[in-house]
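What follows is a single structure, written as structure tokens, with notes after it.
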Amino acid sequence: MNKYLIPLNQLPIGFFGKVRKLTADGSARRRMLDLGLINDTTVESLRKSPAGDPIAYEIRGAVIALRSEEASKILVESIQQLG
Amino acid sequence: MGLSKQSTGINALNGIIETKSESSDDFIVALAGNPNTGKSTVFNSLTGMNQHTGNWAGKTVTNATGKFTYKNTRYTLVDLPGTYSLLANSIEEQVARDFICFGNAHTTVIVTDATCLERNLNLVLQIMEVTDKIVVCVNLMDEAKRKKISIDLKKLSDLLGVPVVGTSARNGKGLKELKDTIEKVVRGEIKTAPNKVDYDAIVEDAINEVVPYIKALIGDKIDNRWISLRLIDGDNLLSQSLYSYLNCDLSNNEILLEIIEEVHNKLRDEGTTPKDLRDQIVYKIVKTAESISKEAILSENTVHNQTDRKIDDVLTSKLLGIPIMIILLGAVFWLTIVGSNIPSSMLADYLFRIEGYLTKFFAWINTPKWIHDILVLGMYRTLAWVVSVMLPPMAIFFPLFTFLEDLGYLPRVAFNLDHYFKKACAHGKQALTMCMGFGCNAAGIIACRIIDSPRERLIATITNNFVPCNGRFPTLIALASIFIAGGTGASSSFAAVVSVLAVIILGVMITLFISKLLSKTVLKGLPSSFTMELPPYRRPQVLRIIIRSIFDRTLFVLGRAIVIAAPAGIVIWGMANVYVDNASLLTHCAQFLDPFSNLLGMDGYIMMAFILGLPANEIVIPILIMSYMSKGSMLELDSLAQMRQLFIDNGWTWLTAVCMMLFSLNHWPCGTTLWTIHKETQSWKWTWVSFIVPTITGIVVCFTVAQGVRLLGLV
């Protein structure tokens, strides 16, 4: 288990990450929280768009595309498996 | 910013509240829910055709209302904008929240997606804080079954404390039970007792400090606990709404401000900043949703979305994503252009036959010739032209486009193209409004409602005209075929296709360039956050698509076009038939415009055709032919060869054709589009900007090309 925090946009495709910290403020932070990106939430990095950005993530059963600006403000702990 | 509150729903909300009080017999039912939950399907299934809506279906930014009768009681159903939350500050969320809070609905139905319940519960829990009278509708039960997700509705109802009904609205399943439950809640036969989210002790303490004071101020009209929490959380928009709906000014209430300040200090002493507080609130709601869904969802197959993932692997892949998109959209345009030829000419035959009857009728009642000419050859003929050239392509394009939308493909287009729009400081969803613009710029501009940020919505609105609409394709194709391709046969039609394609790509590039330019100048700002859901693919409902796209889009746009075309028809006729010094006004104007048009590689008649073509781009070529042949009313030529000869006789070269194509791509939007821009932005300023920006672009582009080619001696 890797304990280092990485920005979500650097989580390799197909990997899972556990949300540890949001560095965004204001309404951007609210939007993230509304997506269910609270502490301990497991997120899967699903796929890159053809140009590499945005990236689609599976968050609480929904597929959400985030631009790198937003995803970089979500710090996750990379985990291999769900759980 | 040009988007005033009036244009964005608050005013419409007021309107609904007023209508409500007029018909006090009806029960008011608010319909809330996340986007993509089939909320519109539930709305349509309940109200049938009995609804009032002029909206971008499924993306209702202003409220749509409908009526239905159940057991001799009439209900007014208010379709609220689809939102994920009531907390954040988008206009949609504000509209939805204000209606739930101040609209005095007798009950609120929350439509949720059975395949994605946990995420939907977030909104349910938030609405439960505002109001007690709630019915939760778990829709898409069929979809869930297919994905092997099974939900214990009884348990869910117990956990939430409100009635829960399972439906599959598109098959009509569960709707009777839904109506039944609504009736019982409205009549008080079912008592609802929502289990509100329990916050941590410090948050609850803070709420309790404020509640008594709020109660004294506004009584029991609105949930005091919720208002208190929102005010502690620093929700200024709510203070504004309290003022506008209850005439209760809290923002200057010093005692209240003092209490809230004290609460904040107390929280801070315990190590909770306002930001932490907000996190805690949301955390609690999300956690509650999580635990409820864990209990209520009996079996969830974790690999249920494998099929969607496989489809996405292809449709958004690095290699195939964009080519497939171009092929699909290309097929839509091709079907539209080719498919509308025959119905267009049939419609034209029919409408012009009526013209014959009208002429006979006018002769029979002995009207003076000039009145007949103005009304029939001027107004009627222009109208007939606009209808016959606009209706068939729209009736083909819009259903096809709605089909892709229903399928869930369009968000993937935005996903594929977002990067380029981000570089232009614009919104990814502008890719969608741009695609819509290929069908009709006016419809594309209405579609801009799906973009949340006012700045990015204006950019999308102003630049929408840079992609050629259905009305301009025929001009582009005709000019490309007769001048660039230069003859007939396979190779020349290939050249025509390539040049039309080049014009489209140029249009997209100009869109991105001008978007960037606007972002750096008059519409400065950073791109707003882009979080977009890629919803599961769904099987489209063909019949509903046809009805929806015909009523919501085709007839809507056509109606606006007719209003513009009728008076314009009279003006065109007048220009061509009023003679001064042996030449028509049109000729005089054309001669006046000639030197200027020459600089742009065209002649005065072409410029006049563009000016008189304001009602619809389709009539530009007919007007041009009319003026070259010095006839008094619009006409068309039988063959492209005839047209080519006519144009060459009037001094055309290939450069003239190229410049006219470029100017067709970049000039003022048609009248219908301008009117739509004004309706959407509620601002003459932005309508004017939308007029002038493409026009200047066209002048610059044509001037550069014409002068460049002449300098190089290519003509």
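The values are calculated or read from the model by the stated rules, or taken from the named source; none is laboratory data. Owing to the predicted nature of the structure, the values given are computational and were not obtained by experimental measurement. Neighbour counts run over all protein chains shown; Cβ positions are idealised from the backbone, glycine included.
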Selection from region A:33-49 of residues assigned to a loop (DSSP other than H, G, I, E, B), at the interface with chain B (Cβ under 7 Å from one of its Cβ atoms) and of a type in the set (A, V, I, L, M) yields A:L35, A:I38
- B:V715 vs. criteria under 19 Å from B:V508 (Cβ atoms) and surrounded by fewer than 18 Cβ atoms within 10 Å (Cβ to Cβ): no
Q. Hey, any hits in region A:19-32 for a residue that's more than 8 Å from chain B (Cβ to nearest Cβ), within 29 Å of B:L319 (Cα to Cα), in contact (Cβ under 8 Å) with a residue 12 or more places away in the chain and surrounded by 18 or more Cβ atoms within 10 Å (Cβ to Cβ)?
A. no
_Quick check on region B:150-164. Is at least one of its residues assigned by TED's automatic domain parsing to the domain that holds B:K39, polar (S, T, N, Q), modelled with pLDDT under 90 and within 20 Å of B:G188 (Cα to Cα)?_
no
Note on B:V332: of the conditions (1) surrounded by 14 or more Cβ atoms within 10 Å (Cβ to Cβ); (2) within 12 Å of another protein chain (Cβ to nearest Cβ); (3) in contact with a Leu (Cβ under 7 Å, 6 or more places away or on another chain); (4) closer than 30 Å to B:F398 by Cβ, unmet is (2)
Exactly one of B:L328, B:L347 is of a type outside the set (F, W, Y), part of a helix (DSSP H, G or I), at pLDDT below 90 and within 28 Å of B:A414 (Cα to Cα), and that one is B:L328
Does A:I79 satisfy the criteria of being away from chain B (no Cβ under 13 Å), surrounded by fewer than 17 Cβ atoms within 10 Å (Cβ to Cβ) and β-branched (V, I, T)? yes
Counting only residues in region A:50-73 that are facing chain B (nearest Cβ under 8 Å) and out of contact with any strand residue (DSSP E or B) (no Cβ under 7 Å at 6 or more places or on another chain), the one surrounded by the fewest Cβ atoms within 10 Å (Cβ to Cβ) is identified as A:G52
- Item | Flag for B:R119 being of a type in the set (D, E, K, R) and either in the same structural domain as B:I222 (by TED's automatic domain parsing) or out of contact with any Phe, Trp or Tyr (no Cβ under 8 Å at 6 or more places or on another chain) (or both) | no
If you go through B:I214, B:I202, B:I255, B:I227, the only one that is closer than 17 Å to B:L123 by Cα, of a type in the set (A, V, I, L, M) and part of a helix (DSSP H, G or I) is B:I227
For B:V286, the lone unmet condition from (1) within 12 Å of chain A (Cβ to nearest Cβ); (2) buried (at least 20 other Cβ atoms within 10 Å of the Cβ); (3) under 30 Å from B:D152 (Cβ atoms); (4) out of contact with any Gly (no Cβ under 7 Å at 6 or more places or on another chain) is (4)
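Of all strands (runs of 3 or more DSSP E) completely enclosed by region B:89-191, which ones contain at least 2 residues that are polar (S, T, N, Q) and either surrounded by 24 or more Cβ atoms within 10 Å (Cβ to Cβ) or at negative phi (or both)?
Qualifying strands (runs of 3 or more DSSP E): B:107-113.
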Of the residues in region B:258-275, those that are part of a helix (DSSP H, G or I) and surrounded by 17 or more Cβ atoms within 10 Å (Cβ to Cβ) come to B:I259, B:I260, B:V263, B:H264, B:L267
Going through region A:1-20 in order, the residues found to be of a type in the set (K, R) and at pLDDT below 90 are A:K3
In the set B:L46, B:L13, the lone residue that is at pLDDT below 60, assigned by TED's automatic domain parsing to the domain that holds B:V130, in a helix (DSSP H, G or I) and hydrophobic (A, V, I, L, M, F, W, C) is B:L13
Margin query: Please determine whether any residue of region B:309-320 is among the basic types (K, R), on the phi < 0 side of the Ramachandran plot, part of a helix (DSSP H, G or I) and away from chain A (no Cβ under 12 Å).
Written below: no
Of the residues in region B:624-655 that are touching a residue at least 40 places away in the same chain (Cβ under 8 Å) and aromatic (F, W, Y), the one that is surrounded by the fewest Cβ atoms within 10 Å (Cβ to Cβ) is B:W654
Region B:398-458: helices (runs of 4 or more DSSP H) wholly inside it with 2 or more residues that are touching a Leu at 6+ places or on another chain (Cβ under 6 Å), within 24 Å of B:L543 (Cα to Cα) and within 12 Å of chain A (Cβ to nearest Cβ) are B:410-423
